[in-house]
Amino acid sequence: MRMYNSYMLEHKNPFGAIRTNTECTFSVRIPNDVYVNALQLMVCPWGDWNHPIREEPMPWKKLQQGENIFSCTISLQVPGVYGYCFRITKNGKTNLIKRNPRTNEGFYSYNLEGWHWKLTCYDANFRTPDFAKQGVMYQIFPDRFYKAKNGKTSIPDSIVYRQDWGEMPVYMPDENGIVRNNDFFGGNLKGIEEKLPYLKSLGVSNLYLMPIVESAENHGYSTANYEKVNPLLGDWDDFESLAKKAHQMGIHILLDGVFSHTGSESIYFNKSGKYPSLGAYQSTESPYFSWYTFDRRIPCGYRTWWGFDTLPELNKWSPKYQKYIFGDNGIIDLWFAKGADGLRLDVVDELPDEFLTPLAQKVKSYSDKVLYGEVWEDTVTKEGYGKRREYLLGKQLDSVMNYPFKNAILSYVRYGGIDGSEFYNTIMNILESYPKPAVDCLMNFLSTHDTIRAITALAGEELERKSNYVEERKEQARLDSLSKAQYRLGKKRLKIATMLQYFLPGIPCVYYGDEAGLMGYKDPFNRKCYPWGRRDKNLVNFYKKLGKIRKENPFLAEAEFAFLRVDTDICIWERKSKEHNMFIAVNRSGSKETIVIPEEYQKGKVMFTIKKCTKKNIETTLFLKKNKIELDAYDGIILCI
């Protein structure tokens, strides 16, 4: 008997997060042979289980199939994340109906603390840009993507300019024990512009560029000057040209906003006196002195980002710094004027509300810009600065990088799990607790510059923890290239993972080179050059096919989602709108599996199968044995009606 399951509309309607002042109905089912004296819905702030803010009576509604149904309808006026459970008095005794975290279903408990169902309430006016929901996103590390010969690059003396495109980045510390990240391969903005037709062929509609402004390090996260493009990449004219041509091709561009720290070698801090202006490190008279926090108790004398003395932490409460970033004619205005369509905020959990909220207001003052944040955990329950963060409640971010999906997909495809329940529950928890406007533009990726390349994560050796990072890097270098057998297996698994990535809610985000078979463990092995001339053409073609399906089916941007089957080997789900239905099934196992095709799809068009992903058109007839088909090992199928 199922008393309550928040994933089911007969128990909670509507599904998922709700807007303020929107009605939500809760229905609990109790067996007819249990005498219920009273039933109440109890709502409390998430994590504050002993302080219900609302207790709503749930009167008896009807008897159905041997179960008494008790229901109530409420609305909430204040955006926030709430927990709820039910208090039941039966046969004269009172206890609670709470959530089983493995099944999401109700069980009896006498303790108010512990597992509750989650209810997110977000601002009724929360909307997200349509362009952020459509097609495919593509993430580029500009120095490692493509080197155009006509790029306007200037080479500072402090860097190592590599002439061996595609070789291993420097991964060991120098003779002084320092990892300088100062080897550049010469990728530039003109190179990205030259490759726009290739990106378009992948179905790319949104291009996310890692930091392009001046920095002493190749990754760009140690900002030297927010107002100047890194001269190794080009200049603002190059960026404006890239943005103009991208827009002509229907591609939007997102820039990386690194506002939690700068580099010590920056015009603002100027630790070594590289710049002629007066930096904060040099004098209290510097116009940037209030941007940083100096403290003699810290070994280097100033507050740093995670202990790196090359990354002085910014004082996000400084009115002068805030004005510089998001005041009138500030950095955000500059970047948008140059052609950027949105921002991805680095380590957004280190930006307090006093900084993030007005920054978001600045972005939202433009009607056509998008704001993403880097959050690695469940975003709606994230805490920081002594309180629950409000990223997705309508006044801050549009959406986030979807690490929970990445982890769930890669783990499921590689290991399966006992019954697929961990994968199922992770996906459903995010879809249930994130606001629909944010879900529709979730950045769904399998790899990033901070994580192991997907194909390596799916088939590479599992690394043992080493005593220090030098030993870890030596081990990662030794195992960097997959064997032929590992690569074949990884490629099969990657195709399964990519189908999940492309057709779950949100927008798929491809990390440059994943579609070409690029391998590698963590930084810097996941940041190698794009393998032009050595691409896995079969894999590239696979991504092109999926990108074409995303482009030709814009209903996927906001389509409803439902799992039809999830177990150790098989995952089946559907996406639906008023006009279109899509059925997707994947077999992550190494053997054939039989799947049932629902009646409404039995005469549907076969839009795609992994096994028949060639340049030729696939067969559109579905050969059924009764209502079933055999799905080959590591195969997937898409049907559409």
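The values are calculated or read from the model by the stated rules, or taken from the named source; none is laboratory data. Values in this document were obtained by computation on a predicted structure and should not be read as measured data. Note: ideal-geometry Cβ built from the backbone for every residue, glycine included; neighbour counts use all protein chains shown.
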Worksheet item: Wholly within the range 443-556, which helices (runs of 4 or more DSSP H) include no fewer than the required count, namely at least 3 residues that are touching a residue at least 24 places away in the same chain (Cβ under 8 Å) and under 21 Å from the mean Cα position of the chain (by Cα)?
Response: 454-459, 484-503, 537-552
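Looking at the range 13-35, can you tell me whether even one residue there is on the phi > 0 side of the Ramachandran plot, modelled with pLDDT of 95 or more and assigned by TED's automatic domain parsing to the domain that holds Thr89?
The first filter runs over the range 13-35 and keeps only residues on the phi > 0 side of the Ramachandran plot, leaving 16, 21.
Now narrow it down to the ones that are modelled with pLDDT of 95 or more: 16, 21.
Next, only the ones that are assigned by TED's automatic domain parsing to the domain that holds Thr89 stay: 16, 21.
Yes: the range 13-35 contains one or more residues that are on the phi > 0 side of the Ramachandran plot, modelled with pLDDT of 95 or more and assigned by TED's automatic domain parsing to the domain that holds Thr89.
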Response to the item:
Filtering the range 280-327 for residues that are within 27 Å of Val179 (Cβ to Cβ) and within 32 Å of the chain's Cα centre (by Cα) leaves a count of 17
Practice prompt. Kindly indicate which of Gly373, Gly394, Gly327 is buried (at least 16 other Cβ atoms within 10 Å of the Cβ) and farther than 27 Å from Val78 by Cα.
Written response: Gly327
Practice prompt. Looking only at the range 332-346, decide whether some residue is touching a Gly at 6+ places or on another chain (Cβ under 7 Å), assigned to a helix (DSSP H, G or I) and of a type outside the set (Val, Ile, Thr).
Written response: no
Fill in: Candidate set from the range 397-422 (those that are of a type outside the set (Phe, Trp, Tyr), in contact with a Lys or Arg (Cβ under 8 Å, 6 or more places away or on another chain) and over 27 Å from Leu209 (Cα atoms)); member that is surrounded by the most Cβ atoms within 10 Å (Cβ to Cβ)
Val413
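Hey, can you tell me all the residues within the range 103-159 that are aromatic (Phe, Trp, Tyr) and crowded, with 19+ Cβ neighbours inside 10 Å?
First, the residues of the range 103-159 that are aromatic (Phe, Trp, Tyr): 107-108, 110, 115, 117, 122, 126, 131, 138, 141, 145-146.
Scanning the range 103-159 gives Trp117, Tyr122, Phe126, Phe131, Tyr138, Phe141, Phe145, Tyr146.
Can you name every residue in the range 1-55 that is of a type in the set (Phe, Trp, Tyr) and buried (at least 17 other Cβ atoms within 10 Å of the Cβ)? Talk me through it step by step, then tell me what you get.
Our first condition is that a residue be of a type in the set (Phe, Trp, Tyr); within the range 1-55, this holds for 4, 7, 15, 26, 35, 46, 49.
Correct list: Tyr4, Tyr7, Phe15, Phe26, Trp46, Trp49.
Would it be correct to say that Phe561 is touching a Lys or Arg at 6+ places or on another chain (Cβ under 7 Å), buried (at least 18 other Cβ atoms within 10 Å of the Cβ) and over 24 Å from Lys200 (Cβ atoms)? Quick ask: steps written out before the conclusion?
Details: touching a Lys or Arg at 6+ places or on another chain (Cβ under 7 Å): yes; buried (at least 18 other Cβ atoms within 10 Å of the Cβ): yes; over 24 Å from Lys200 (Cβ atoms): yes.
For Phe561, the condition - touching a Lys or Arg at 6+ places or on another chain (Cβ under 7 Å), buried (at least 18 other Cβ atoms within 10 Å of the Cβ) and over 24 Å from Lys200 (Cβ atoms) - is met.
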Fill in: Criterion (of a type outside the set (Lys, Arg) and under 26 Å from Ile549 (Cα atoms)) met by exactly one of Leu410, Leu463
Leu410
Fill in: Selection from the range 347-370 of residues that are charged (D, E, K, R) and either crowded, with 18+ Cβ neighbours inside 10 Å or in a strand (DSSP E or B) (or both)
Asp349, Glu350, Lys362, Lys369
Item to complete: Specify which of the listed residues (Arg534, Arg527) is closer than 20 Å to Lys484 by Cα, of a type in the set (Lys, Arg) and at pLDDT 95 or above.
Response: Arg534
Worksheet item: Do we find a residue being over 21 Å from Lys369 (Cα atoms) and of a type in the set (Phe, Trp, Tyr) anywhere in the range 172-185?
Response: yes
Practice prompt. Kindly indicate which of Asn425, Asn407 is on the phi < 0 side of the Ramachandran plot, in contact (Cβ under 8 Å) with a residue 60 or more places away in the chain and in a helix (DSSP H, G or I).
Written response: Asn425
Practice prompt. Mind checking which strands (runs of 3 or more DSSP E) fall wholly inside the range 565-635 and carry at least 2 residues that are out of contact with any Phe, Trp or Tyr (no Cβ under 9 Å at 6 or more places or on another chain) and either crowded, with 16+ Cβ neighbours inside 10 Å or at pLDDT 95 or above (or both)?
Written response: 593-596, 605-609
